[in-house]
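Following: one structure in structure tokens, then a few remarks.
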Amino acid sequence: MNLSTILLAMAPAEQAAPPPNDAQGGPWSMPIQASTFAPETDAIYLFILVLSLISFVGIVGATLYFMKAYRRRSADQKTSSITHNGKVEFLWSAIPAVLLVVIFLWSEVAFMKQVVPPPDAIDIRVKGQKWFWTAEYPANPGVQLNNEIIVPVGVPVRVTLTSQDVIHSFFIPAFRVKRDAVPGRYTTVWFEATRPGRYNLFCAEYCGDQHSEMRGVVHVLPADEYEAALAEAGRLEQEEGESLAAFGERIYVRKGCNACHSTDGTTKTGPSWKGMYGAERTFADGSSGTVDDNYIRESILEPNAKVVSGFTPQMPSFQGQLNDDQITALIEFMKTLK
């Protein structure tokens, strides 16, 4: 467990949001325990840590003692005849072996508890791709969240994972759960959150040059607030008094566009949006064109139709995820990025 990764403060999903709870850390520099799996996982970790410290002190202490007690005291001193001690040799082999068996059995039992979720668990389907997570709720058609997951407290949740490109690793430190998302297959992990709050979601498998940016947040809410919050999160509409460009900026963050497209000229997986609108672009097939409303709309719905030269066709289609009003808002936001 990499504590520096675990305790990394995550950029919030929206600018006004507070940092995730587990970014503050917990006892022993561990993340906050926020699932039913966390206490037992931490107990195993601390058991191994204490055994390691005892072994380290014992071995180093014995080594220093023997160095002093049996050092050579004169040039003509010869080593005395040494024979083995069967009991000591048995003990220093048997005791570690028993402790390793205890660690294995304890860890295996804890691991198996995470394999099969209860039959009444809520289903969430999560897809990893360079470099963001997309969550869908089969029981709530039309709700699709990027880099955020909403779950109720005290209710089992089954997460079915897959990947669009390379191997990613779905890791929620506060829940002590981690599972690989593998292209072309499905893997599952489940958990039951025990305390409301906002918790970090990381990719724990190196997946490319922006691996460290593949971060999300898990919102744990009281059960009576869960359905309303899920419906509200899935609704992305322009608010009263909000400009179209500001609405577009909110979509840019909520839909994970910021994972691949910068607004400051920095090159990521895709072209930066700064100064893009109205610019001339050369495409991979040798043709060229102007970045206008039609080009942007086509790139959102059919991203592989015209791939900018120097970039690879990795962007997924947002067909069915963005309506005309949302696409228009994104275009207006791009226009402000001079």
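Rule-based calculations on the coordinates, nothing more; no lab input. Being a predicted model, the structure only gives us computed values, none of them experimental. In this analysis, Cβ positions are derived from the backbone assuming ideal geometry, glycine residues included, and neighbour counts consider all displayed protein chains.
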Just Phe318, Phe56, Phe191 to compare: in a GNM of the chain, with alpha carbon springs under 10 Å, which one fluctuates most? Phe56
To the nearest 10 degrees, how steeply does helix 86-113 sit against the main Cα axis of the chain, on a 0 to 90 scale? 20 degrees
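Divide by every residue of the chain the summed helix terms, -39500 (n - 2.57) for each DSSP H run of at least 4, and state the resulting mean residue ellipticity at 222 nm, rounded to the nearest 500 deg cm²/dmol.
Numbers: 7 runs with 108 residues, N = 338.
Theoretical 222 nm ellipticity from helices: -10500 deg cm²/dmol.
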Fewest-first ranking of Arg71, Arg195, using other Cβ atoms within 10 Å as the exposure measure: Arg71, Arg195
Exposure proxy order (Cβ contacts within 10 Å, fewest to most) of Thr290, Thr187, Thr41, Thr36: Thr290, Thr187, Thr36, Thr41
For P(r) over Cα pairs in 20 Å bins from 0, in percent, the choices are (1) 30, 52, 17, 0; (2) 34, 60, 6; (3) 25, 45, 19, 9, 2; which was calculated from the structure? (3)
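What is the gain in length, in nm to one decimal, between Val308 and Val116 on full extension, counting 0.36 nm per residue of separation less the C-alpha to C-alpha distance? If you can, show how the numbers build up before the last one.
Values: separation 192, 0.36 × 192 = 69.12 nm, distance 4.48 nm.
Difference between extended and current length: 64.6 nm.
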Of the candidates Leu105, Leu64, Leu51, which one comes out as most mobile in a Gaussian network treatment of the chain with C-alpha springs shorter than 10 Å? Leu64
Please arrange Glu249, Glu225, Glu240 by counting, for each residue, the other beta carbons lying within 10 Å of its beta carbon, fewest first. Glu240, Glu225, Glu249
With springs connecting C-alpha atoms under 10 Å apart, model the chain as a Gaussian network and identify which of Ser29, Ser287, Ser262 has the largest mean-square fluctuation. Ser287
In nm, to one decimal, how far is the modelled label at Asp325 from the one at Asp209, with both set 7 Å along Cα→Cβ? 3.9 nm
Helix 223-234: angle to the longest alpha-carbon principal axis of the chain, degrees 0 to 90, nearest 10? 50 degrees
Take the alpha-carbon centre of segment 69-126, take the same for segment 232-300, and report the distance between them in whole Å. 55 Å
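With a ≥ b ≥ c the root eigenvalues of the C-alpha gyration tensor of segment 54-93, is it rounded (a/c under 1.5), prolate (a/b larger than b/c) or oblate? Show your work: numbers first, answer last.
Working: a/c = 5.61, a/b = 1.41, b/c = 3.98.
Oblate shape, in that a/c is at least 1.5 and b/c is the bigger or equal ratio.
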quick note, segment 118-203, DSSP beta bridge pairs, % antiparallel (nearest 5) is 70 percent
In the chain, what % of DSSP beta bridges are antiparallel (nearest 5)? 70 percent
What is segment 122-234's relative contact order, in percent, from Cα pairs under 8 angstrom and six or more apart in sequence? 30 percent
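What is the extension gain from Asp293 to Lys68, computed as 0.36 nm multiplied by their sequence separation minus the C-alpha to C-alpha distance, in nm to one decimal?
Values: separation 225, 0.36 × 225 = 81.00 nm, distance 8.11 nm.
Gain on stretching Asp293 to Lys68: 72.9 nm.
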Once phi for every residue in segment 309-324 is put through the Karplus expression 6.51 cos²θ - 1.76 cosθ + 1.60 (θ = phi - 60°), the whole-Hz ³J(HN,Hα) values, with Gly and Pro written as x, are 4, x, 10, 9, x, 10, 5, x, 6, 9, 4, x, 9, 10, 8, 4
Cross-link reach list, lysines versus Lys130, counting only Cα pairs under 24 Å and skipping chain neighbours closer than eight places: Lys178, Lys255, Lys268, Lys274, Lys306
Going by alpha carbons, how many degrees (0 to 90, nearest 10) lie between the helix axis of 244-254 and the longest principal axis of the chain? 30 degrees
I want the local charge near Asp180. Using Cβ-Cβ distances under 14 Å, sum +1 for each Lys or Arg and -1 for each Asp or Glu among the other residues. +2
